[in-house]
Protein chains: 2
Amino acid sequence: MEKKPKIDQTSTTLLLEYFSKMMPLTDEEKELVASKFQPRLYRKRQFILQEGDVCNVFNFVVSGCLRMYNIDESGTTHIIQFAIENWWISDKGSFYSQKPSALNIEAVEDTTVLQIKHDDLLDLYVKAPKFDRIFRVLVENSLIKMQERLLQNMGSDARIRYEEFLKQYPTLANRIPNTHIASFLGITPEFLSKIRNERVSK
Amino acid sequence: MEKKPKIDQTSTTLLLEYFSKMMPLTDEEKELVASKFQPRLYRKRQFILQEGDVCNVFNFVVSGCLRMYNIDESGTTHIIQFAIENWWISDKGSFYSQKPSALNIEAVEDTTVLQIKHDDLLDLYVKAPKFDRIFRVLVENSLIKMQERLLQNMGSDARIRYEEFLKQYPTLANRIPNTHIASFLGITPEFLSKIRNERVSK
DNA sequence: AAATGCTCTTAATCTAGATTAAGGGTAGGC
DNA sequence: GCCTACCCTTAATCTAGATTAAGAGCATTT
């Protein structure tokens with residue numbers, strides 16, 4: 001039996017709060033945001049972006065969980081990022097160049113996002129240059145996270161990376177399939193299973 | 001015998017060219033840039049940033065080569081990024097939070113950079129909001145590169161990663177020590193030596 | 001010129017994690 | 001209710017790359 005979760009039409013308040021924490025917004029700016037961002041529900045396993053398509057929306061996750069991944073030449077899936085409540089996700093390479101993406105973004109659970117289209121974001125930058133700064137800061141934060149992730153991937157073994165994952169996404173470990181976590185950590189599900197087992201028996 | 005390379009006082013023209021390609025600048029903006037960015041020469045092995053210090057400059061490389069790296073708990077060095085001519089480098093995490101960095105930035109060769117101080121950059125954003133956008137785009141580009149690097153690190157074996165390194169830094173392979181390349185690729189110098197040997201004998 | 005460091009190479013041995021394989025658990029569709 | 005499709009686990013075997021060790025080539029310093 002399928003449930004019919006309704007999209008909360010007031011979900012933009014969450015986004016406005018988010019922006020306001022970074023920089024106070026005027027009422028006009030708030031209205032601009034409300035008019036440009038559209039709520040949308042994705043069901044589990046639906047795609048926000050499929051490889052080969054151009055990524056032309058920028059997504060703010062209101063509730064649920066998304067994963068962004070690529071599939072390499074040998075067919076292995078690598079999850080770059082999970083996005084849960086209050087996170088941003090998009091393939092910025094494709095979004096800003098408007099060229100086809102090599103990445104997929106998929107709903108791991110039923111997920112509500114607020115989306116802004118590429119052209120609307122450019123328009124937002126023009127109408128309210130404050131958003132140039134807000135999005136600069138957003139991207140800076142993503143970059144910092146990505147750098148940490150790279151360092152961890154290079155420097156730590158799988159056990160430590162798993163502990164870090166648990167710290168970074170404390171709510172996620174029991175919510176999503178093991179295979180996704182393994183693919184995020186860059187190991188096989190079998191090996192993750194072994195690690196988990198070791199942890200419990202200690 | 002030490003050489004005394006002079007810093008080219010006209011080096012800001014290179015930076016102005018760089019900015020102008022992204023967005024046309026007015027004469028006032030150009031002057032602002034010229035006044036805010038200071039040229040500085042670092043000798044081979046000098047540090048632009050040492051772990052524990054706050055990163056309070058943003059660097060544009062005019063000539064030479066820098067490496068940014070961290071040292072993990074077990075004492076292994078991991079190079080996150082090389083920066084050669086026309087690249088930007090800084091620890092953005094430390095720079096924007098003004099907290100001590102865990103990273104080092106070191107000159108691999110005698111290197112000339114143009115530096116802007118943290119407060120001057122903020123001031124530049126205020127005086128010429130255009131730079132909010134310019135730096136947003138810069139950071140976006142860094143993020144895209146970092147993402148590609150993460151994917152390669154997760155998805156490809158060392159041989160393929162080495163080929164990619166050669167493509168991305170074609171001039172670097174013969175300029176810098178093998179140990180640095182290995183540390184960038186996330187392998188030991190011994191193993192890199194083996195890979196190189198295989199390539200030649202094929 | 002000798003000495004002190006780096007850097008590179010080769011080769012033997014070792015280990016984290018992959019691969020393969022098999023069995024069991026559980027949810028959703030018919 | 002059963003069936004199919006996932007998902008998780010355990011265990012045996014295998015491999016990319018690490019570690020250790022040792023020697024040789026250069027460059028810097030004294």
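The values are calculated or read from the model by the stated rules, or taken from the named source; none is laboratory data. Here the structure is a predicted model, which is why all the values come from computation and not from measurement. Glycine also receives a Cβ, built like all others from the backbone with ideal geometry; neighbour counts cover every protein chain displayed. Accessible surface is based on the protein model in full, side chains and every heavy atom, while ligands, DNA and RNA are left aside. Shrake-Rupley method; radii C 1.70, N 1.55, O 1.52, S 1.80 Å.
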* Do you know which of the residues in the stretch A:149-171 that are in contact with a helix residue (DSSP H, G or I) (Cβ under 8 Å, 6 or more places away or on another chain) and more than 13 Å from DNA strand C (Cβ to nearest atom) is nearest to B:N70 (Cα to Cα)? -> A:L150
* If you take the residues in the stretch A:185-195 that are near DNA strand D (Cβ under 8 Å from one of its atoms) and without any contact (Cβ under 8 Å) to a residue 12 or more places away in the chain, which one is farthest from the chain's Cα centre (by Cα)? -> A:K194
* Of the residues B:A182, B:A107, B:A173, B:A158, which single one is within 14 Å of DNA strand D (Cβ to nearest atom), of a type in the set (A, V, I, L, M) and more than 25 Å from A:T77 (Cα to Cα)? -> B:A182
* Which condition number in (1) over 18 Å from A:Y69 (Cα atoms); (2) away from DNA strand C (no atom under 11 Å from the Cβ) is the one that A:I181 fails? -> (1)
* Asked: So B:K117 fits all but one of (1) more than 16 Å from DNA strand C (Cβ to nearest atom); (2) at pLDDT 95 or above; (3) crowded, with 17+ Cβ neighbours inside 10 Å; what number is the exception?
  -> (3)
* Asked: How about the stretch A:11-74: which strands (runs of 3 or more DSSP E) wholly inside it have at least 3 residues that are within 14 Å of chain B (Cβ to nearest Cβ)?
  -> A:66-71
* Hits in the stretch B:63-96 - residues which are modelled with pLDDT under 90 and out of contact with any Gly (no Cβ under 9 Å at 6 or more places or on another chain) -> B:G75, B:Y96
* Counting only residues that are within 14 Å of chain B (Cβ to nearest Cβ) and open to solvent by 10 Å² or more (accessible area, probe 1.4 Å), how many does the stretch A:79-100 have? -> 9
* Structure fact -> A:D132 passes all but one of the listed conditions (1) under 30 Å from B:G186 (Cα atoms); (2) within 9 Å of chain B (Cβ to nearest Cβ); the exception is number (1)
